[in-house]
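The values are calculated or read from the model by the stated rules, or taken from the named source; none is laboratory data. All figures in this text were calculated on a predicted structure; none of them were measured in a lab. Reconstructed Cβ throughout: ideal geometry from the backbone, glycine too, with neighbour counts over all protein chains shown.
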Amino acid sequence: MIASSKKAFEEILRMLEGHERIFIIGCGDCATQCQTGGEVEVEEMKQQLEDAGKTVTGTAVPDVTCNVLDTARVLRQQKEAVEQTDAFLVLSCGTGVQSVADSQESKPVFPGVNSLFSAITKRKGQVYERCVCCSDCVVGDYAGICPMARCPKGQLHGPCGGYDEGKCEVNPEQDCVWALIIERATKTGQLEQVLEHMGSQGAKNWQADTHPGELVFEPRRAGKL
Amino acid sequence: MPVGMREAIDSGQFIITGEVAPPKGCHLEHMVEEAEFYRGRVAGINVTDIQSSVMRASSLVGCLKLKEAGLPPVLQMVCRDRNRLALQSELLSACALGITDVLCLTGDYTTLGDHPQAKPVFDLDSVSLLKAARRLMEGRDMAYYKNARTGEIVDGEALDGAPPSFCLGCVVNPGAVPMEPQIYKLLKKIEAGAEFCQTQAVYDPALFEEFMTRLGDVPIPILAGIVVLKSPMMAKYMNANVAGVKVPDWMIAELEDKETRVAKSIEMHAKLVQDLKPMCQGVHMMPLGWDKHVPAILDLAGL
């Protein structure tokens, strides 16, 4: 999922300056899991905005806000409220914000949260970055652990000299990913291969990661494999 | 002492190197004055590259100033601030200036310095930088692209004229816990073309001996790092903040008395150099401003 954190309310108010009638949109997926844009947070935001003197014209929490068609459909169901709206405040990752902008051509959209990273959830409230979507997955060479995502320097040839007792110099609360890679590779019997292949792919190919990314394909038709 | 890393390595003698840092400013005279203390005593003088991620004048310009003064510079290059285009370009530029001793490092992370909001680059790391420099020495660069006309993959463009010649160095932290990953990485660096290795500060000869034993025979000289302790405060700071560095209590105690501090420091570090000498092929002096005391340390150590 995409991890997110709430923006400060003062920043939200500054963005919304000059816009009085606000429609709030959350997201039933990642932002709900991160407790930044679920039903509860949308309701809290409604209260806060009203306390600040804004009018909330409506709220919605689409299942997956980054799905443009679904989100547009949800907003069509609240056509009247949307018509009376000056601006949308979207409590989802940046893709959700732009998904709303895609279907709402004539109205401003503003983000209410910050997108953080592509994450795994270990348990509720424990969300960790594991992938930087580099477009050229290398975890197979590192015992299933990504050094691009988990080493601040994204090194491919092993650790720097800054780790201490297996902890990272940049954030001593976090494990040095190289200690984890070696530990896991030892358990999986891959240590020799890891040491041999470590960095053998050469310098990282960043051309594959040129933005904006685009993936266009022929969708499989329903009922057909 | 032979001058230049290649000559020093080929001589088979015990190698001594020093280190200076360019200032946060455009006047490098003081840096050159500090380097003067090394004249005739060292094979090379490292010029740090925006060390600790604290903004300052560049290593290349510092090296040029040393070269103009007739001192042997070692260009430190980190991967934090430049991508592969800029790093290769700087390697060529250095060679054009006659600066061919190069220490390749990954570099400290940006958030540890005084511009924590800067974008970290790390396009290459120490190993891929060594490989890139090696490739330049073979007369080709890291270019890798598909030729639009022929559809063929171009793997390395030829350099104009005779290729550069570098003597490449690397670093290791012998005190890092666990030790094994440091050894794995150092072997990668040697495989990538490092010809000498300078270590992080060492204060515990027994720990260093363990490191050298576990490392085993390697074909390049290992230069033990000597960071000259100037005060108990500095020693305590290093213990708290520098990974893998443990200054023993007795050394800190020796520095307590302000009156005798300089003499004690010289004595302690000379002893340290003597203790380390049988285990390694050289020492890398990092006096952090106390450059003027390095000759006394070396004299007392019999070097």
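Restricting attention to segment B:33-54, does a residue exist that is exposed (fewer than 15 other Cβ atoms within 10 Å of the Cβ), under 17 Å from the mean Cα position of the chain (by Cα) and of a type in the set (Val, Ile, Thr)?
yes
Can you give me the number of residues within segment A:90-139 that are under 21 Å from A:CYS176 (Cα atoms) and over 13 Å from the mean Cα position of the chain (by Cα)? Outline the logic, then answer.
The first filter runs over segment A:90-139 and keeps only residues under 21 Å from A:CYS176 (Cα atoms), leaving A:116-122, A:126-134, A:137-139.
Restricting the remaining residues to those that are over 13 Å from the mean Cα position of the chain (by Cα) gives A:122, A:126, A:134, A:137-139.
Looking only at that region, the number is 6.
Would you check if A:THR71 is surrounded by 22 or more Cβ atoms within 10 Å (Cβ to Cβ), over 15 Å from A:SER115 (Cβ atoms) and either touching a Pro at 6+ places or on another chain (Cβ under 7 Å) or among the hydroxyl-bearing types (Ser, Thr, Tyr) (or both)?
So A:THR71 passes the test.
Out of all the residues in segment A:23-41, is one or more assigned to a loop (DSSP other than H, G, I, E, B), within 14 Å of A:SER92 (Cα to Cα) and of a type in the set (Val, Ile, Thr)?
yes
Check whether at least one residue in segment A:6-15 is over 15 Å from A:ALA119 (Cα atoms), among the aliphatic types (A, V, I, L, M), touching a Phe, Trp or Tyr at 6+ places or on another chain (Cβ under 6 Å) and touching a residue at least 24 places away in the same chain (Cβ under 8 Å), and report yes or no. Walk me through how you get there before you give the answer.
First, pick out the residues of segment A:6-15 that are over 15 Å from A:ALA119 (Cα atoms): A:6-15.
Imposing the further condition that a residue be among the aliphatic types (A, V, I, L, M) reduces the set to A:8, A:12-13, A:15.
Among the residues that remain, those that are also touching a Phe, Trp or Tyr at 6+ places or on another chain (Cβ under 6 Å) are: A:15.
After this cut, where a residue has to be touching a residue at least 24 places away in the same chain (Cβ under 8 Å) as well, the list is A:15.
Looking for residues that are over 15 Å from A:ALA119 (Cα atoms), among the aliphatic types (A, V, I, L, M), touching a Phe, Trp or Tyr at 6+ places or on another chain (Cβ under 6 Å) and touching a residue at least 24 places away in the same chain (Cβ under 8 Å), one finds at least one in segment A:6-15, hence yes.
Could you grab me the full set of residues in segment B:64-117 that are part of a strand (DSSP E or B) and touching a Gly at 6+ places or on another chain (Cβ under 8 Å)?
B:PRO73, B:VAL74, B:VAL78, B:ASP101, B:VAL102, B:LEU103, B:CYS104 - these are the residues of segment B:64-117 that are part of a strand (DSSP E or B) and touching a Gly at 6+ places or on another chain (Cβ under 8 Å).
If A:PRO159 satisfies every condition in (1) within 14 Å of chain B (Cβ to nearest Cβ); (2) in contact with a Ser or Thr (Cβ under 9 Å, 6 or more places away or on another chain); (3) buried (at least 23 other Cβ atoms within 10 Å of the Cβ) but one, which is the exception?
It is condition (2) that A:PRO159 fails.
Looking only at residues that are β-branched (Val, Ile, Thr) and in a loop (DSSP other than H, G, I, E, B) in segment B:154-202, which one is surrounded by the most Cβ atoms within 10 Å (Cβ to Cβ)?
Among residues in segment B:154-202 that are β-branched (Val, Ile, Thr) and in a loop (DSSP other than H, G, I, E, B), the one surrounded by the most Cβ atoms within 10 Å (Cβ to Cβ) is B:VAL202.
Of all residues being outside any helix (DSSP H, G or I) and modelled with pLDDT of 95 or more in segment A:134-158, which is nearest to A:LYS187 (Cα to Cα)? Just the residue, please.
Here the answer is A:ALA143.
Where the second residue is in a loop (DSSP other than H, G, I, E, B) and the first is exposed (fewer than 14 other Cβ atoms within 10 Å of the Cβ) and lies in segment A:126-140, which pairs have Cβ atoms under 9 Å and are six or more apart or on separate chains?
From segment A:126-140, the pairs are A:CYS133/A:GLY213; A:SER135/A:ASN205; A:SER135/A:THR210; A:SER135/A:GLY213; A:ASP136/A:GLN201; A:ASP136/A:LYS204; A:ASP136/A:ASN205; A:CYS137/A:CYS146.
With in contact with a strand residue (DSSP E or B) (Cβ under 9 Å, 6 or more places away or on another chain), among the aliphatic types (A, V, I, L, M) and not in a loop (DSSP other than H, G, I, E, B) as the only criterion, which of A:ALA208, A:ALA119, A:ALA185 stands out?
When all the criteria are applied, what remains is A:ALA119.
Looking only at segment A:201-223, count how many residues are within 14 Å of chain B (Cβ to nearest Cβ) and of a type outside the set (A, V, I, L, M). Talk me through it step by step, then tell me what you get.
Quick first cut of segment A:201-223, residues within 14 Å of chain B (Cβ to nearest Cβ) only: A:201-210.
Narrowing the set further to residues that are of a type outside the set (A, V, I, L, M) leaves A:201-202, A:204-207, A:209-210.
Selection size over segment A:201-223: 8.
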